[in-house]
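All remarks here apply to the structure that follows.
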Amino acid sequence: MARKVILYTAQWGDMPLEELCAKAKSFGYDGLELACCENHLDIGRLSPAYIDEIRNTVEKYGLSVYAIGNHSVGQCVCDPVDSRHKAILPPRLWGDGNPEGVRQRAAQEMIRSAEAAKMLGVNTVVGFTGSPIWHMLYAYPPVSQEDVQAGYDEFARRFLPVLDAYRDLGIRFALEVHPTEIAFDIASARRALEAVGYHPAFGFNYDPSHMGYQGVDYLAFLRRFSDRIFHVHMKDVWWSDVPTEAGVFGGHTAFGEDGRYWDFRSVGRGKIAFEEIIRLLNRIGYAGPLSVEWEDSGMDREHGAAEACAYVRKIDFPASSIAFDAAFIKE
């Protein structure tokens with residue numbers, strides 16, 4: 001049986017949940033990865049009655065919730081918080097803006113997100129962790145391995161209490177491997193796992209678009225972490241075959257500007273080898289949903305979301321239960 005195709009709602013955060021549900025159904029989706037935002041799942045309003053309201057709205061349109069996503073709050077758990085973070089947090093979490101207070105409130109909100117997931121009957125929260133050492137990426141001024149290890153130790157110190165709460169609730173945390181996070185490629189993902197002692201609640205949201213343009217072997221990622229793939233985002237990316245004005249680091253340009261080395265594209269319109277991904281997902285036994293995180297600066301989002309749903313359904317297929325040549329063998 002093919003996997004469920006769902007829509008991540010973060011890119012639709014300006015739209016009321018009921019309106020989005022009607023559109024998602026018309027686009028052909030089976031359900032949602034519900035973003036923690038004011039219009040979709042406001043953790044600040046968490047209560048049985050509020051969860052019932054969400055569930056009733058989603059089910060009214062024949063949809064289901066398969067995961068929830070809380071990226072912005074997770075980002076603030078380990079980041080060196082500054083004025084940029086105020087724009088991605090609700091005022092109750094920003095408070096007076098004291099960085100340590102923000103980080104602690106963000107950690108508690110991530111635990112509340114797991115409680116929301118449990119109330120909704122889903123077992124996965126997708127999100128970010130932030131990173132205390134992302135600013136050291138280029139290693140100049142020189143960065144020692146002791147400095148890097150201190151960053152992973154800080155990540156573990158801040159995130160292990162969150163992961164322990166997830167374990168106790170029976171919920172998994174799927175870190176989206178992504179630049180600006182503690183894990184952004186294979187090497188850093190391995191180090192993040194080591195830092196938290198391979199905690200059973202810690203795994204990954206697999207989004208190949210964040211690895212392809214970096215030059216990371218995104219197929220090898222699936223092989224290397226086959227038992228830690230908790231969720232999958234279907235998002236494409238294009239990158240140039242020739243030198244460009246703004247390189248891998250983006251040149252402080254906006255998405256969609258001419259002259260960039262890379263840009264996100266609607267699924268099937270970039271360079272990610274999705275058929276090979278499907279074959280590997282079958283091989284590792286991933287049976288969870290395929291969540292379309294639709295991002296394409298050059299395309300209308302409603303056209304893109306509908307097209308993406310159809311594309312994902314077309315390329316997905318179940319694994320074979322027999323060898324193809326088994327019919328040739330006679331007893």
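I need the full set of residues from the range 268-326 which are open to solvent by 20 Å² or more (accessible area, probe 1.4 Å) and polar (S, T, N, Q), in order please.
Asn282, Ser297, Ser320, Ser321
Could you grab the pairs with beta carbons closer than 6 Å, sequence gap of 6+ or different chains, first residue in the range 93-106 and farther than 14 Å from Ser83 by Cβ, second one open to solvent by 60 Å² or more (accessible area, probe 1.4 Å) and among the hydrophobic types (A, V, I, L, M, F, W, C)?
none
Just need a number here: residues in the range 237-272 that are of a type outside the set (D, E, K, R) and within 17 Å of Pro208 (Cα to Cα).
Going residue by residue through the range 237-272, those that are of a type outside the set (D, E, K, R) are 237-240, 242-244, 246-256, 259, 261-262, 264, 266-268, 270, 272.
Cutting the leftovers down to within 17 Å of Pro208 (Cα to Cα) gives us 237-240, 248, 261-262, 264, 266-268, 270, 272.
Here the count works out to 13.
Looking only at the range 71-79, decide whether some residue is open to solvent by 70 Å² or more (accessible area, probe 1.4 Å) and out of contact with any Lys or Arg (no Cβ under 6 Å at 6 or more places or on another chain). Explain how you work it out, then say what you get.
So the first thing to find is which residues in the range 71-79 are open to solvent by 70 Å² or more (accessible area, probe 1.4 Å), and the list is none.
No, because not a single residue in the range 71-79 is open to solvent by 70 Å² or more (accessible area, probe 1.4 Å) and out of contact with any Lys or Arg (no Cβ under 6 Å at 6 or more places or on another chain).
Among the listed residues Val242, Val267, identify the single one that is among the β-branched types (Val, Ile, Thr) and in contact with a helix residue (DSSP H, G or I) (Cβ under 7 Å, 6 or more places away or on another chain). Quick ask: steps written out before the conclusion?
Values: Val242 fails: in contact with a helix residue (DSSP H, G or I) (Cβ under 7 Å, 6 or more places away or on another chain).
On inspection, the qualifying residue turns out to be Val267.
Can you tell which of Tyr140, Tyr152 is among the aromatic types (Phe, Trp, Tyr), over 23 Å from Ile6 (Cβ atoms) and over 22 Å from the mean Cα position of the chain (by Cα)?
Values: Tyr152 fails: over 22 Å from the mean Cα position of the chain (by Cα).
Within the list Tyr140, Tyr152, the selection yields Tyr140.
Which of the residues belonging to the range 147-157 are touching a residue at least 40 places away in the same chain (Cβ under 8 Å) and either small (Gly, Ala, Ser) or open to solvent by 30 Å² or more (accessible area, probe 1.4 Å) (or both)? Full working, then the answer.
Kept after step one, since they are touching a residue at least 40 places away in the same chain (Cβ under 8 Å), are these residues of the range 147-157: 152-156.
Hits for the range 147-157 are Asp153, Glu154, Ala156.
For Ile88, indicate whether it is open to solvent by 10 Å² or more (accessible area, probe 1.4 Å), of a type outside the set (S, T, N, Q) and in contact with a Ser or Thr (Cβ under 6 Å, 6 or more places away or on another chain).
Values: open to solvent by 10 Å² or more (accessible area, probe 1.4 Å): yes; of a type outside the set (S, T, N, Q): yes; in contact with a Ser or Thr (Cβ under 6 Å, 6 or more places away or on another chain): yes.
Yes: the conditions hold for Ile88.
From the residues in the range 172-197 that are within 12 Å of the chain's Cα centre (by Cα) and charged (D, E, K, R), which one is surrounded by the fewest Cβ atoms within 10 Å (Cβ to Cβ)?
Glu176
Determine whether Leu120 is buried (at least 16 other Cβ atoms within 10 Å of the Cβ) and more than 26 Å from Leu219 (Cβ to Cβ). Lay out the reasoning, then the answer.
On the way: buried (at least 16 other Cβ atoms within 10 Å of the Cβ): yes; more than 26 Å from Leu219 (Cβ to Cβ): yes.
When the stated conditions are applied, Leu120 passes them.
For the range 75-82, state whether one or more residues are assigned to a helix (DSSP H, G or I) and among the charged types (D, E, K, R). Before the answer, list the steps.
Within the range 75-82, the first condition is being assigned to a helix (DSSP H, G or I), and the residues that meet it are 75-78.
Filter once more, keeping what is among the charged types (D, E, K, R): none.
Scanning the range 75-82 turns up no residue that is assigned to a helix (DSSP H, G or I) and among the charged types (D, E, K, R).
Quick check on the range 1-42: of everything there that is assigned to a helix (DSSP H, G or I) and open to solvent by less than 10 Å² (accessible area, probe 1.4 Å), which residue is farthest from Arg105 (Cα to Cα)? Give the derivation first.
So the first thing to find is which residues in the range 1-42 are assigned to a helix (DSSP H, G or I), and the list is 10-12, 17-27.
Going one step further and asking which of them are open to solvent by less than 10 Å² (accessible area, probe 1.4 Å), we end up with 12, 20-21, 24.
On the way: Trp12: 25, Leu20: 29, Cys21: 30, Ala24: 32 Å.
In this case the residue turns out to be Ala24.
How about the range 231-261: which of its residues are open to solvent by less than 20 Å² (accessible area, probe 1.4 Å) and either among the polar types (S, T, N, Q) or at negative phi (or both)? Write out each step before concluding.
Of the range 231-261, the ones open to solvent by less than 20 Å² (accessible area, probe 1.4 Å) are 231-237, 240, 246, 250, 260.
Matches in the range 231-261: His231, Val232, His233, Met234, Lys235, Asp236, Val237, Ser240, Ala246, Arg260.
For the range 118-217, which strands (runs of 3 or more DSSP E) that fit wholly inside it have 1 or more residues that are touching a Ser or Thr at 6+ places or on another chain (Cβ under 6 Å)?
On the way: elements: 124-127, 172-176, 202-206.
In the range 118-217, the matching strands (runs of 3 or more DSSP E) lie at 124-127, 172-176.
So, in the range 159-171, exactly how many residues are open to solvent by 10 Å² or more (accessible area, probe 1.4 Å) and not basic (Lys, Arg)? Step through it out loud before you land on a result.
Kept after step one, since they are open to solvent by 10 Å² or more (accessible area, probe 1.4 Å), are these residues of the range 159-171: 160-161, 164-165, 167-170.
Still in the running and not basic (Lys, Arg): 160-161, 164-165, 168-170.
Matching residues across the range 159-171 total 7.
Of the residues Phe264, Phe328, Phe274, which is at pLDDT below 95 and not charged (D, E, K, R)? First the steps, then the outcome.
Numbers: Phe264 fails: at pLDDT below 95; Phe274 fails: at pLDDT below 95.
Only one candidate qualifies: Phe328.
The values are calculated or read from the model by the stated rules, or taken from the named source; none is laboratory data. Not measured: the values here are computed from a predicted model. Ideal geometry is used to build each Cβ from the backbone, glycine not excepted, and the neighbour counts take in all protein chains shown. Each accessible area value is taken on the protein alone, full model and side chains, heavy atoms only, with ligands, DNA and RNA left out. Shrake-Rupley method; radii C 1.70, N 1.55, O 1.52, S 1.80 Å.
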